[in-house]
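Each remark here refers to the structure printed beneath this line.
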Protein chains: 2
Amino acid sequence: MDERIAAGVDLGGTKILSIAATADGRVLGEDRCPTDAAEGPDAVIGRIVASLRRAIDAAGATPESIIGAGISTPGPCDPSRGLVLDAPNLPGWKNVELARIVRAQLGTPTVLEHDAAAACYGECRYGAGIGKRHVVYATLGTGVGGGIVIDGKIYGGASGVAGEIGHMIIEPEGPHCNCGGRGCVEAFASGVAIGREADASIADGRMPLLAELADGGPATAELVLRAAEEGEREARRILERAGHYLGLGLAGVLNSFNPELLILGGGLVNLGSYYIEPAVETMRERALEQVLDGLTVTNAQLGGRAGALGAVALMVDAAD
Amino acid sequence: MDERIAAGVDLGGTKILSIAATADGRVLGEDRCPTDAAEGPDAVIGRIVASLRRAIDAAGATPESIIGAGISTPGPCDPSRGLVLDAPNLPGWKNVELARIVRAQLGTPTVLEHDAAAACYGECRYGAGIGKRHVVYATLGTGVGGGIVIDGKIYGGASGVAGEIGHMIIEPEGPHCNCGGRGCVEAFASGVAIGREADASIADGRMPLLAELADGGPATAELVLRAAEEGEREARRILERAGHYLGLGLAGVLNSFNPELLILGGGLVNLGSYYIEPAVETMRERALEQVLDGLTVTNAQLGGRAGALGAVALMVDAAD
């Protein structure tokens, strides 16, 4: 038992989650608040610090009594300099020295990591990946991202961007992707891609049930799932197709990294049999036999807490 | 200067190359002989050992006076057990304890590594990758393979198969691949794929010049290059298309591994402006900006010696 306390915060496009936990991962305090990203970096950083304070307080601790605070951020970042380079879903975030500012405002040491890498590390320390050396974590949600752990440590590559498995190209002339490219895994298999496909099918009159569920608003992956569960064939086809393309991308990831464990996390894991099962099936059809031998595929165990808990673990490491 | 001597042998589908070199990479003795793979593992292993003896002898050394012998093998292997699991181009090679047998016959310590990984390591120690921590080596020849060095060490993944970048899928319904899959990078961009495309074009009467060069035999990448140089447009198109697909695969590799250095090696680098240039162009168009920042792309420096020299370096490491 390691009873030292560290804090971790997961900065997302819509919400901020803060946790105060023991070094061995027991959650003692937690806080959630909206990001309200439109208000810009200064306001958001103020909410990050306030949220961390509430989580630390809920744990019966103070910023002075804890090891420090880890920060999980979306988009490209430079962990070695504590810098958010860019955050596509957070307006105005370019080269923000987030670690330094939080350190100054909260008065504790800080570390910073990319959210998918932090989530992978959180799972490796406290969740589905305990004791595993080579792990790939695929985060399936609004976008498709990845975190890589090699020899028990986060692999960030030369500039901290490694693991962008959502931007492996699986169909050169495929749909346009947020990254500026075409035919990336994310452009087929993300929540946004599923919603876009479904919107097009609604417009074509091919999804009356989903049209009713969406009630004039945009289709989301969750609504497509409901339509699938209620029997709409086109909803099933859309989810299976997205899963199939995800599987093609995962096969390439496996052939490249040859991990012992693949962890599937993010909101879309709830699409289960309509999306994850076809993905795993395609992946197993398409990856090399030697890569599949001895591979374990599992769902994330820490759910939405993986990023914040990974940040906790990284802060604990930095203090050791 | 480290004047200790080690030997290294690169076992290929058609030839065996043995080198005896100093620990800092100076080649003192060298031997080449045909593999004659059809004669089966025992005969080939006999030739490997004889070739190593000749290289060691040419260096003025004896098996007793050297550190040991590293072995670079094609296809899946298990370096930790010195085992060749399979070698698609070597009939009869299944679960061959190559390191143990060579050790017994030659009377020196041995180590064994996958050829692309050994070549990557050779370049990192003695060639284009000196001083680099995160390196991807793409070997472009009969097939397309890859070696990965992370933090200065070979990254083999959970079971020694990591770096199979030739089997990233870039077009789900693309041509069939040797691996049993479809639309892999190798199925578009390898020497075999280029030859197959060209044979089809010859059969269609679209490549009279190449038909003349091939003189009734199969088209090879080298002949396609000659036809391209002599102005045959279809030859240029075939090479550019192969390069384009290679670039799509490399973009995915860069987005996954975020290396600081990409080394291009293997016989097809000689196709230069017709194949490598389109590949690099597509790769730069398609990889993420943050991944391209600070990336260096270079040709291999050790040429056909990379695998054998990598095996030397691995033997030196094992003795340290």
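In whole Hz, what ³J(HN,Hα) sequence does the range A:176-182 give by Karplus (6.51, -1.76, 1.60; θ = phi - 60°), x for Gly and Pro?
5, 10, 3, 6, x, x, 9
Rounded to the nearest whole Å³, what is the per residue volume of the convex hull around the Cα atoms of the range A:39-193?
132
Quick one: label points 7 angstrom along Cα→Cβ at A:G13, distances to the other copies in nm, smallest first?
4.5
Non-local amide H neighbours of B:G157 (under 5 Å, H modeled in plane, Pro and chain starts lacking H): which ones?
B:A162
On each of the three principal axes of the Cα atoms of the range A:1-77, give max minus min coordinate, whole Å, ordered largest first.
Per principal axis, max minus min of the Cα coordinates gives 41, 23, 17 Å.
Could you please rank A:Y245, A:Y274, placing first whichever residue has the fewest other Cβ atoms within 10 Å of its Cβ?
A:Y274, A:Y245
Sort B:S65, A:S190 so the one with the fewest other Cβ atoms within 10 Å of its own Cβ comes first.
B:S65, A:S190
Please give the charge dipole size of chain A, origin at the Cα centre, charges +1 on K and R Cβ atoms and -1 on D and E Cβ atoms. Round to the nearest 20 debye.
Roughly 440 debye, rounded to the nearest 20.
Among A:K15/A:K132; A:K153/B:K132; B:K15/B:K94; A:K15/A:K94, which pairs are too far apart, with a Cα-Cα distance over 28 Å?
A:K15/A:K132, as the Cα separations exceed 28 Å there.
Determine ³J(HN,Hα), in whole Hz, for all residues of the range B:274-284 in sequence, where each value follows from phi through the Karplus function 6.51 cos²θ - 1.76 cosθ + 1.60 and θ = phi - 60°; x replaces Gly and Pro.
Once θ is set to phi - 60°, the couplings for the range B:274-284 become 7, 9, 5, 4, x, 4, 5, 5, 4, 4, 5 Hz.
Averaged across the residues of B:131-137, what count of C-beta atoms belonging to other chains lies within 10 Å of each residue's C-beta?
So the per-residue partner count for this stretch is 2.
Can you give the mean number of other chain Cβ atoms that lie within 10 Å of the Cβ atoms in peptide A:240-253?
Numbers: counts 0, 0, 0, 0, 1, 2, 0, 2, 8, 3, 0, 6, 12, 3.
Taking the mean over all residues of the peptide, I get 3.
Order by neighbour count: A:D115, B:D57, fewest other Cβ atoms within 10 Å first, most last.
B:D57, A:D115
According to the Kirkwood expression over distinct Cα-Cα pairs, how big is the hydrodynamic radius of the range B:130-300, in Å?
16.3
What does the copy distance list look like for A:D86, label position 7 Å along Cα→Cβ, in nm and ordered from shortest?
Sorted ascending, the copy-to-copy spacings read 4.0 nm.
Using Stokes-Einstein with the Kirkwood hydrodynamic radius over Cα pairs, what translational diffusion coefficient do you get for the range A:245-296 at 10 °C and a viscosity of 1.306 mPa s, in µm²/s rounded to a whole number? Write down the numbers at each step before the final one.
On the way: Rh = 11.1 Å.
After rounding, the answer is 143 µm²/s.
For B:T110, what residues show an amide H to amide H distance below 5 Å, using hydrogens built from the backbone and excluding near sequence neighbours?
B:A69
In nm to one decimal, list the spacings between the A:E97 label point and its equivalents in the other copies, with label points set 7 Å along Cα to Cβ, shortest first.
Copy-to-copy label distances for A:E97: 6.1 nm.
Bin by bin, in steps of 20 Å, what percent of the Cα pairs in the protein assembly as shown do you find, going until the bin that has the longest distance?
Pair shares across the bins are 19, 47, 29, 6, 0.
Translational D (Stokes-Einstein, µm²/s) of the range B:48-120 at 20 °C and 1.002 mPa s when Rh comes from the Kirkwood sum over C-alpha pairs? It would help to have the intermediate numbers written out before the result.
On the way: Rh = 12.7 Å.
D, rounded to a whole number, is 169 µm²/s.
Take the Cα coordinates of chain A, assign each an equal point scatterer, and use the Debye formula without solvent to give log10 I(q)/I(0) at q = 0.14, 0.16 Å⁻¹.
After summing over all Cα pairs, the log10 values are -1.06, -1.28.
Through the Karplus equation 6.51 cos²θ - 1.76 cosθ + 1.60, θ set to phi - 60°, convert the phi angles of the range A:23-31 into ³J(HN,Hα) values in whole Hz; use x for Gly and Pro.
Karplus-based 3J(HN,Hα) across the range A:23-31 equals 4, 9, x, 7, 7, 9, x, 8, 8 Hz.
May I ask which residue of A:A61, A:P34, A:L17 lies farthest towards the positive end of the charge dipole of the range A:5-124, with charges of +1 (Lys, Arg) and -1 (Asp, Glu) on Cβ and the Cα centre as origin?
A:A61
Mind checking which of A:L210, A:G294, A:A228 is farthest towards the positive end of the range A:130-300's charge dipole, using Cβ charges of +1 (Lys, Arg) and -1 (Asp, Glu) about the Cα centre?
A:G294
Values quoted throughout were computed directly from the atomic coordinates according to the rules given, and no laboratory measurement underlies them. Nothing here was measured: the structure is a model prediction, and the numbers come from that model. Every residue, glycine as well, gets a Cβ built from its backbone with ideal geometry; the counts of neighbours run over all protein chains shown.
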